[in-house]
1. So how many residues does region A:178-233 have that are in a loop (DSSP other than H, G, I, E, B) and closer than 30 Å to B:THR26 by Cβ?
2. Check off (1) over 24 Å from the mean Cα position of the chain (by Cα); (2) in a helix (DSSP H, G or I) for A:ILE162 and give me the number that stays unchecked.
3. So which residues in region B:28-72 are under 17 Å from B:HIS90 (Cα atoms), among the hydrophobic types (A, V, I, L, M, F, W, C) and within 12 Å of chain A (Cβ to nearest Cβ), if there are any at all?
4. Can you name the residue in region B:236-275 that is aromatic (Phe, Trp, Tyr) and within 21 Å of B:LYS129 (Cα to Cα) and is also modelled with the lowest pLDDT among such residues?
5. Which numbered condition trips up A:GLU272, out of (1) surrounded by 15 or more Cβ atoms within 10 Å (Cβ to Cβ); (2) part of a helix (DSSP H, G or I)?
6. Can you tell me how many residues within region A:188-202 are modelled with pLDDT of 90 or more and touching a Ser or Thr at 6+ places or on another chain (Cβ under 6 Å)?
7. Within region A:163-211, can you find the residues that are closer than 20 Å to B:ALA33 by Cα and either more than 14 Å from chain B (Cβ to nearest Cβ) or charged (D, E, K, R) (or both)?
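The values are calculated or read from the model by the stated rules, or taken from the named source; none is laboratory data. The structure presented is a predicted model; accordingly, all values stated were derived computationally and were not measured. Positions of Cβ are generated from backbone atoms using ideal geometry, with glycine treated the same way; all protein chains shown enter the neighbour counts.
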Amino acid sequence: MSSEEREVYEKKILDKIVDIILDNLASAIDRVRPGWKTRNEARIEEFKLTLYALNRSPPGLLGLSLVVFFILIALIGPYIAPFSYDMPLVLCDQRAYLAPPGSTITIRDGSLCSDVYGIKPGNYTLILGADDFGRDLFSRILYGARTSLVVAVMVMVLGPLIGITLGLISGYRGGVIDEVIMRLTDVFIAFPGLILAIAFSAVLPDRVSGLLTSFPPLASISLALFSLKPEHVGSLANLLSVVIALWIVWWPGYARVVRGMVLSTRENVYVEAARAIGVPTYAILFRHILPNILGPILVFLTLDFGGVILVEAGLSFLGLGAVPPIADWGRIVYDGAEYFPRAWWLVFFPGLATLLAVLGFNLIGDSLRDILDPKTRRKIEFKVKGRR
Amino acid sequence: MLWLADLKRFLFRRALTFIPTVIGVTFLVFFIAAVLPADPAKLWAGGEKANPQVVENIRREYRLDRPIWEQYLFFIKNAVTNQIVSPVSHNKVWEDLARRLPVTMQLTILAFTFIVFIGIPLGILSALKRDSIIDMIVRILALLGVSTPVFWLAYLLIFVFFTRLGWITLAGTPIAPYTITGIPLIDSIIKLDLETFRQVIERYWLPSLVLAYANIGVIARLVRNSFLDALSSDFVEFIDARGLPRYRKYLHVLKNAMVPVITVLGLTFGGLLAGAPITETVFGLPGVGRYLIDSIRFYDYLTLMGGVLLIALIYVTVNLLVDISYAIIDPRVRY
């Protein structure tokens, strides 16, 4: 498609942003692997169209803004938080104990907080209140976004990858390998997901902490990722256990779905052609089959990203995973529930934050499903491109 | 009788995959023990300061000094003969779980009832009135359902119905003065005992609704899409041509639309079991889910394994039943 043709339909500002980002990204890849851009022209175009369509769906846009906001908070939250996640303000002002939203506390000059913890003396408004240690809820929710995002990214990087790879092999190879992989999948699917995750996040921490002591770099990288203080290195084992538990739970669904899609895709002539000219199996799987089933997988990935955040909050609400004073949305509710309904803010705001973050991913996933559905795809394409 | 032969073959094949799955499930449950902390015996004996002789006894009693496959056989033998004894409470694990199972069953049965009797009508309604306000509400409900943290919703509703309105009780669990199935909800229906039934509903309606909430919208959306799919199939044209009344047409469509819904309802059951720990914790119901969480707190790993095994076995059995009923209803699945 030439550039004049593309100019025919009206572009919104968001579309232009998409263009700039994708064009630069494509050029960057092109520089590393010459010829990549021309070879994948059609694919890039198709991807742009998907994003244009997303720009025109109000729920999709709402979801996109929620997700962007969530990621932004997770990235910069720890730096803009007024207090550290574990700062017990009751040490300096009694009024911080279970302070309701909007209450003001005073840090006096020469007090513990100003001298030891380096907080500037003065009046502070705790906009979302504080917990029973006088820890600022607003700061903890900002830090909690980081915890949620890092766990979700870690889970989503490996879990689906295992599932997709096994599904590809199983569907393409067939025979005994297929049978073995599918029976294995059956076993994992036989457990309601959360139950297995509960069991493994309960028994794993000891092993994980052993692993962390033998690989100090792993511990320091994780500390930086979760934005934790070095003295809380002990809590890492519990957080990482949840990640491992969710890896165990999160792959079988992908294996099954991908296998089904491969079964129908592998009969296509282009796969046969690739096989005929001697393309190696892994290349057929990852270059010829995978790109053609990527659409539905993308929808699952988006929806599951929200799902992981939700399940992680649920696990930490049950007392698994994050340990105090780590800021984690589920854990804040678990600890705050003791004071419910008197200190309602400790339950209400972290839960609301979880809801909004998860809703964002679900809104995007839902719109993507409509956009990527082959039945409605062309209709949307015409709508986006407008009349020629 | 070709039909029956077909069905028999299907059942046989299905059983062939069922048995390896159950064996695999026991392996995976046992694997939980394999990643246990280095020395659970010391924990069970009372921590670091425990008497070494006691630790040694516990280790021998639970075969922790034996090779791993022997431990597995020991676990399976005990599971079958009801000899798994909790090292913490010294009770038999199956008996402890059996005492708590009725609570979880009542919770899931009621939640399931909510899903069926709210979700399916909502779905049909939103398919019949496509792109209307109802359709929109169902869509939002489905989205919110999969986005809301269950515990958060539970606390909001407790605030409204308990703290503000005082409509519900959060203490005690009603028991029936007689046992038929052991589940008061079902027993009271069999005995037509309205008083016990009322008590059970009073205690359980809100927790069940919270548990069902995540699935109601999802099922409604599924029914809607499936209904619309069925509505566009060829037989509908034939029905129209024959001039059958509208409700007869929709009845036919509904029958066809329900086929995929049944499978998902079977899977939903697993989701409800998985949601039980959180719901039971918030509402203070002494069910299996809450018991699992408590057992973790006391390092009672055998109870944890027993509970996980129990839930998985219930779930695979339900799925087996769903598949079989599915094959009976719809001859096409018996490929």
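1. Qualifying residue count for the region: 4.
2. Just one mismatch for A:ILE162, condition (1).
3. If the condition is that a residue be under 17 Å from B:HIS90 (Cα atoms), among the hydrophobic types (A, V, I, L, M, F, W, C) and within 12 Å of chain A (Cβ to nearest Cβ), then B:LEU43 is the only one that fits.
4. Per the criteria, the residue is B:TYR247.
5. (1)
6. 1
7. A:ASP206, A:ARG207
Condition check ((1) among the aliphatic types (A, V, I, L, M); (2) more than 29 Å from B:ASP39 (Cα to Cα)) across all residues:
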site: B:ALA276; (1), (2): yes, yes
site: B:THR279; (1), (2): no, yes
site: B:VAL282; (1), (2): yes, yes
site: B:ASP294; (1), (2): no, no
site: B:GLY307; (1), (2): no, no
site: B:LEU310; (1), (2): yes, no
site: B:TYR315; (1), (2): no, yes
site: B:LEU320; (1), (2): yes, yes
